[in-house]
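J.: Supplied in structure tokens, the structure appears directly below.
The values are calculated or read from the model by the stated rules, or taken from the named source; none is laboratory data. Owing to the predicted nature of the structure, the values given are computational and were not obtained by experimental measurement. Because the Cβ atoms are built from the backbone with ideal geometry, glycine has one as well, and the counts that use them run over all protein chains shown.
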Amino acid sequence: MAPSLLCPNPNPKLSLPFSWRPCPPRSRAAFFPRPFPGQSSSGYLAGHIKCSLGSRPEYIPNRIPDQNYVRIFDTTLRDGEQSPGATMTSAEKLAVARQLSLLGVDIIEAGFPASSPDDLDAVRTIAMEVGNHPMSADRHIPVICGLSRCNKKDIDAAWEAVKHAQKPRIHTFIATSDVHLQFKLRKTREEVVNLAREMVAYARSLGCQDVEFSPEDAGRSDRVFLYHILEEVIKAGATTLNIPDTVGYTLPFEFRQLISDIKANTPGIENVIISTHCQNDLGLATANTLAGAQGGARQLEVTVNGIGERAGNASLEEVVMAIKMRRELLGGLYTGINTKHIVMSSKMVQEHSGLHVQPHKAIVGANAFAHESGIHQDGMLKFKGTYEIISPEDIGLTRSNESGIVLGKLSGRHALRSRLLEFGYDINGKELDDVFKRFKEVAEKKKHVSDDDIEALINDEIFQPQVVWSLVDLQVTCGTLGLSTATVKLIGADGEEKIACCVGTGPVDAAYKAVDTIVKVPVTLLEYSMNAVTEGIDAIASTRVVIGGEHERSSMLAATGEKVRRTFSGTGAGMDIVVSSVRAYVSALNKVLGFRILSSDKSSAGKSRESS
């Protein structure tokens, strides 16, 4: 069992895929960037960062005491999880929610409870645990929010899930653009206004004092009608009005004007918080979000790594760092995010969602702080401020080999643990033993184990789901003259070992068939991808697969109500590409089996309550 994150796991039956404790800052107080060599703190970055962890204003649902403070509303676990292949288990959602709390987000939209019993239970668990135990440095407890459509069934489910948090919120929405009214809802404007008013009032009647309302597709809605429906939901008790650019259609100057117009023309707007939710269909989500803040929005809805439906959402790390670095130009705006946890948050979401960011992704991409051009390298050697506007340490990124320790086959546990601490992983016991064992296996085959190699091993060991089956041994025979053969040995959670041998059209196909023979879970392989973590013939391969279970319960898309097939992703790493592939496949199968076990436990518990 992994050590606790910052507080004991209140639900020991729900094992986390891993946990860690963040390393303390090495010197400076959080939020103040490290001066570059030869630069005083009064250099070109001085004056931009004035906030501290103690500056977060008191939480009042419909008002922010400091008008320069911007609330960060993270919807990674709801909108982000709607990305194809991004389904997370309940344990993974809980781990991500804990990390978001540590990061310092103000509101966590934990899911869409009405979509399935499993989603409701996951949101409830997050509300009970993350919604009641402070994890950030300023002891802040985030608001836990559940999404619902404008109907009583959805709202009841959302309230049932979030009411256990200290600060619960219901977020309800309905479309307001003419195209949605005519072709999706088939309702008149008057019917939509009445429904929105009634459902906001209903949410308040349940005892929820914090209700958010979103007019879906606000960017393409008639302005006068938009002002009217917002006025009515304010009267009904809404505390936050979220303005979505649902299809990513508006340009930044248009979106800023939209927020300004709503602020100027909606009666009662002074009694609520204006929020933004920008999709990235035209690549403008971050720009539109910042424009919305300039227009008067004081809640910004984002996701880690910008994941989400279609082209994704506004990226948390981009929005937060833009506000931090350009605070003066933005009129003194600031957030409560502890940016030193950005890199860890990004890595966790990548591993649990299975969605890896492109190398050139701003802030968290592998190339974000890499300089290959000779001119750039020359400038960086002379003064880092020539080509870097952000200090990597400010987002929790340690420059390669900062400690000067070169890891190889003669390195011991202490040296490895020191490097892991630099990365932000504080692990001991079995977790450290497992990583060290994998490290020695690689070090015996490579002269130098790079930081990227270590990161791949860490991800492959501690980001894994609850173990039902583990790979013990794999032998394959392949060539050009016949079918490939694979012999696989797996060990179950009960310690029993099983062996299977199968043939296939290639070594991976044969190995997967052998695994299927042992596990006996009917699934379909939907995606398979592989990339080299480092360069050279001895590079570690990282494999990702997405599978679909044939008997798993489906979930529902919030916007359309469409039932979608539940999918599960898995990752694996190793110097042998076939071994890496099998590790990834077993990881995905473990998620399927874990999901079934959890669903079975809930079903049994429900029947017990009914019989009693």
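J.: Could you count how many residues in the range 443-454 are assigned to a helix (DSSP H, G or I) and surrounded by 21 or more Cβ atoms within 10 Å (Cβ to Cβ)?
T.: 2
J.: Take S353 and decide whether it is of a type in the set (S, T, N, Q), modelled with pLDDT of 85 or more and within 30 Å of F568 (Cα to Cα).
T.: yes
J.: Let me ask you something else. Tally time: how many residues in the range 322-333 are more than 11 Å from A293 (Cβ to Cβ) and surrounded by 22 or more Cβ atoms within 10 Å (Cβ to Cβ)?
T.: Looking only at that region, the number is 1.
J.: Another question, then. Does D434 qualify as being out of contact with any helix residue (DSSP H, G or I) (no Cβ under 6 Å at 6 or more places or on another chain) and of a type in the set (D, E, K, R)?
T.: Answer is no for this residue.
J.: So which strands (runs of 3 or more DSSP E) stay within the range 504-612 end to end and still have 1 or more residues that are assigned by the TED database to the domain that holds K489, modelled with pLDDT under 85 and in contact with a Gly (Cβ under 6 Å, 6 or more places away or on another chain)?
T.: Here the list reads 567-574.
J.: Suppose we keep only residues that are β-branched (V, I, T) and surrounded by fewer than 24 Cβ atoms within 10 Å (Cβ to Cβ) within the range 112-141. Which one would you say is nearest to S101 (Cα to Cα)?
T.: Of everything passing the filter in the range 112-141, I141 is nearest to S101 (Cα to Cα).
J.: Any residue in the range 502-518 that is surrounded by fewer than 14 Cβ atoms within 10 Å (Cβ to Cβ) and within 17 Å of K591 (Cβ to Cβ)?
T.: No, the range 502-518 contains no residue that is surrounded by fewer than 14 Cβ atoms within 10 Å (Cβ to Cβ) and within 17 Å of K591 (Cβ to Cβ).
J.: Quick check on the range 116-132. Is at least one of its residues hydroxyl-bearing (S, T, Y), modelled with pLDDT under 95, assigned by the TED database to the domain that holds E198 and touching a helix residue (DSSP H, G or I) at 6+ places or on another chain (Cβ under 9 Å)?
T.: no
Residue-wise test of (1) of a type in the set (F, W, Y); (2) buried (at least 19 other Cβ atoms within 10 Å of the Cβ); (3) modelled with pLDDT of 85 or more.
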site	(1), (2), (3)
R28	no, no, no
P37	no, no, no
Y44	yes, no, no
P84	no, no, no
T89	no, yes, no
E109	no, yes, yes
